[in-house]
Amino acid sequence: MGLTFEISATSGSGGRRGALHLPHGTVETPVFMPVGTAATVKTVQQETLEHIGRDAAGAQIILANTYHLYLRPGHDLIRRMGGVHRFMSWPRPMLTDSGGFQVFSLSELRKVTDDGVEFRSHLDGSKHFFSPEHSIEVQIALGADILMVFDECVETPATWERTKQSMGLTHEWAARSKAYFEAHKHEVPWAAEFPAKHQSLFGIVQGGMFADLRRESAERLVEMDFPGYAIGGLAVGEPREVTREMIARTLEVLPPDKPRYVMGVGYPDEIEEYARMGVDMMDCVLPTRAARHGLLFRAPEPGEAETAVRMNIKRVEYAEDQRPIDPTCTCLVCGRYTRAYLRHLFVAKEPLGATLNSIHNLSFYLDTMARVRRNLESRSTSA
Ligand SMILES: [Zn+2]
């Protein structure tokens, strides 16, 4: 058994309240997944991650990046350490990406052939090759609950012809990823611990900013029959209306009983909007990356129109501000520290500032999704 997905309620706009049962636990959906790039959600320790957010529920599932862990410390080392769960002491569900996005965005001197991608490490310039089979081999060694097919990420903007050609390659690679996974899934490091369970491989819909290609890509992947589907290649600089349109056109084609994951989005109001449209899973580096740059999110005060107000904590107006970041937030940072103190930490470049800012922003994201889940429960008609 890889996963089971139960939908308890759906709303008129397509939003779904569900539960995703994975080898390392159950994830209540829709869910936001913090990104733990190098087997760490930057600056936040695991015991804190387990308790952030409303009711101290913590992060239900986190991501790790295959490209980074493959380069350092290496997937074979992590396999010998028992897999990434045991290596980083994270007992709850995890998801790994395929490495494709980082290969295309971070590495140098890429050479793409039908077989895979040759690239040089952004760390030391050493030469490497990722094929669909190798990406899955690495992800099985890491041992996340969910892994992703290896896909080509087309540059933006790209023409319809270039996007279609890239999408075709992505479909071939998806089929090869699946074939390798089915033959090797018993090799996961925790096979002996959970003998009746295995990882689940998700397909990734591509197709750039073209609705017809998005539809075609979704149809092809559904034919291949994955236990879940991701929508990739979005939030790469296009206007938000285009992102929304591509998601909507893709959701129409995906089977309603399978989990749907939009990769790499977004601002708090975006994740709320996409969850209401029927997206079950999302991830983004934004809450932690923004936190390290002093950008914090908070609920609006009376008279403010935004649903998530952006605050730049380094501004001088906060130098003697005795309020918490967000008086309505129940996170441990807002319960204890003032804006004045957080501004001081940021200005003085104290590492604690990045930690506290990250804890608040992650709590804000998790609380946003908890609120969406409650609304779906109260407003929906039972499925
Ligand atoms: Zn807070």
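Structural remarks
- Angle of helix 211-224 to the longest C-alpha principal axis of the chain, folded into 0 to 90 degrees and rounded to 10: 60°.
- On full extension, the segment bounded by E219 and Q165 gains 17.8 nm, given 0.36 nm per residue less the C-alpha separation.
- Applying both filters, DSSP loop and at most 13 other Cβ atoms within 10 Å, to the trypsin sites (Lys or Arg not before Pro) of the stretch 278-383 gives R315, R336, K349.
- Cα gyration tensor shape of the stretch 188-310, rounded if a/c is under 1.5, else prolate or oblate by comparing a/b with b/c: oblate
- Alpha carbon centroid spacing (whole Å) that separates the stretch 1-70 from the stretch 110-126: 30
- A Förster distance of 25 Å, applied to the separation of the beta-carbon atoms of H293 and R336, puts the FRET efficiency at 0.65.
- Straight-line cross-link partners of K185 among the lysines, defined as a Cα under 19 Å from its Cα and at least 8 positions apart when in the same chain: K197.
- Here the sum of -39500 (n - 2.57) over DSSP H runs of 4 or more residues, divided by the residues of the chain, equals -11500 deg cm²/dmol at 222 nm, to the nearest 500.
- Along the stretch 5-21 the Karplus relation, 6.51 cos²θ - 1.76 cosθ + 1.60 evaluated at θ = phi - 60°, assigns HN-Hα couplings of 10, 10, 9, 8, 7, 10, 9, x, 7, x, x, 10, 9, x, 9, 10, 8 Hz to successive residues, with x for each Gly and Pro.
- Over 30 Å (Cα to Cα) - which of K111/K349; K127/K314; K127/K349; K42/K314; K127/K164 fall in this group: K111/K349; K127/K314; K127/K349
- Residues whose amide H lies under 5 Å from that of G18, counting only those 5 or more places away or on a different chain, are S8, T29; hydrogens are built 1.01 Å from N in the peptide plane.
- Whole-Hz ³J(HN,Hα) from phi, Karplus 6.51 cos²θ - 1.76 cosθ + 1.60, for the stretch 356-368, glycine and proline x: 5, 4, 5, 4, 5, 4, 4, 4, 4, 5, 5, 5, 4
Bear in mind that the values in this text are calculations on the coordinates, not laboratory data. Bear in mind the structure is a predicted one, so any value in this text is a computation, not a measurement. Glycine also receives a Cβ, built like all others from the backbone with ideal geometry; neighbour counts cover every protein chain displayed.
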